[in-house]
RNA sequence: UGGGAUAACUC
């Protein structure tokens, strides 16, 4: 069953659900019983594809087969309903967990708070946080989910209120919560405030991670200061955190936005030298940089290059190229790219 | 060993 499960999981990660179902059927055909991990994988996969009818099918089949759920399974249920904009089903999943005698942990509550906050159901999100305290779970990460959502909604007064509530409940801010605050400052074009949070973390001995540094870097790139972002990346490395693909992407994007394509290429090379494989997002950023600079040949070179390196163009890639051709009134090439996109049956992210 | 949340690309 474990071998089937790992095959299932790799299909689910790439969104290949038809293949996942084939494996699942083979598992059953071999006379084996799917376990809770198998069902969890299927639900996660169908949730990503937004096939909620399939999700409930899998769920009822699991109940029919008397396979007992565990907390991770319930958390996946909560989060798939949550990201589908179905917070009341997420709540039911949480109640189901309780009814099964499972004690929800901070991760489960984070999923629930996120489900409500995504939909702007602030009262219920805060109620979920109170329920968490009643369960004796003290963790800043569920608060971070709410803080981030308030930030996106522009309700900054509420951010402060949540922080005070959290403090009064004896919950200490940790990395994830600070990261969310940094991101709020970044979006508000306040890079110095973002950097101040980073310094506060360092002074407090709170661990900084890749997201911490990347968020501060982005704050500077939004302020058209990619060189400052680059020095932050150096600082990150010196503190023992290796930049991953997203960190490089942010920096490359910053240089592209300033039209500094040579610098963007330089960072791309340093990424490759660091054995960090450029992702499709990085190529999209570079293509968009060249498109904005009206350097179509370079954009096309990268479009070819990404395919040569074994990556598949996605919807964003095609959208970027199509609008480049439209902006330069190259109708035929736009249409050709459009038909390529249809042939490529690209996956929505 | 399967779960959530905080950072990047087009529209």
message = I'd like to verify a number: residues in region A:1-43 that are more than 15 Å from residue A:61 (Cα to Cα) and either assigned to a helix (DSSP H, G or I) or within 12 Å of RNA strand B (Cβ to nearest atom) (or both), how many?
response = 21
note = Only one of (1) under 27 Å from residue A:252 (Cα atoms); (2) crowded, with 17+ Cβ neighbours inside 10 Å; (3) touching a helix residue (DSSP H, G or I) at 6+ places or on another chain (Cβ under 6 Å) does not apply to residue A:159, and that is (1)
inquiry  = I'm told residue A:101 meets every condition in (1) assigned to a helix (DSSP H, G or I); (2) surrounded by fewer than 17 Cβ atoms within 10 Å (Cβ to Cβ) except one. Can you identify the failing condition by its number?
reply    = (1)
ask   = Restricting to region A:107-123, what's the tally of residues that are in a helix (DSSP H, G or I), touching a residue at least 24 places away in the same chain (Cβ under 8 Å) and surrounded by fewer than 18 Cβ atoms within 10 Å (Cβ to Cβ)?
value = 2
ask   = What number of residues within region A:275-284 are part of a loop (DSSP other than H, G, I, E, B) and either surrounded by 13 or more Cβ atoms within 10 Å (Cβ to Cβ) or in contact with a strand residue (DSSP E or B) (Cβ under 6 Å, 6 or more places away or on another chain) (or both)?
value = 3
ask   = With A:88, A:83 as the choices, which residue is within 13 Å of RNA strand B (Cβ to nearest atom) and either surrounded by fewer than 18 Cβ atoms within 10 Å (Cβ to Cβ) or farther than 18 Å from residue A:176 by Cα (or both)?
value = A:83
task = Give the residues of region A:20-58 that are more than 17 Å from residue A:80 (Cα to Cα) and buried (at least 16 other Cβ atoms within 10 Å of the Cβ), sorted by residue number.
result = A:20, A:21, A:23, A:24, A:27, A:34, A:35
ask   = Taking region A:133-165 only, how many residues are over 25 Å from residue A:215 (Cβ atoms) and in contact (Cβ under 8 Å) with a residue 12 or more places away in the chain?
value = 3
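Any read-out appearing in this document is the output of simple, stated calculations on the displayed coordinates, not a laboratory observation. Please read these numbers as outputs of a predicted model, since none were measured by experiment. Cβ atoms come from the backbone with ideal geometry, glycine included; neighbour counts cover every protein chain shown.
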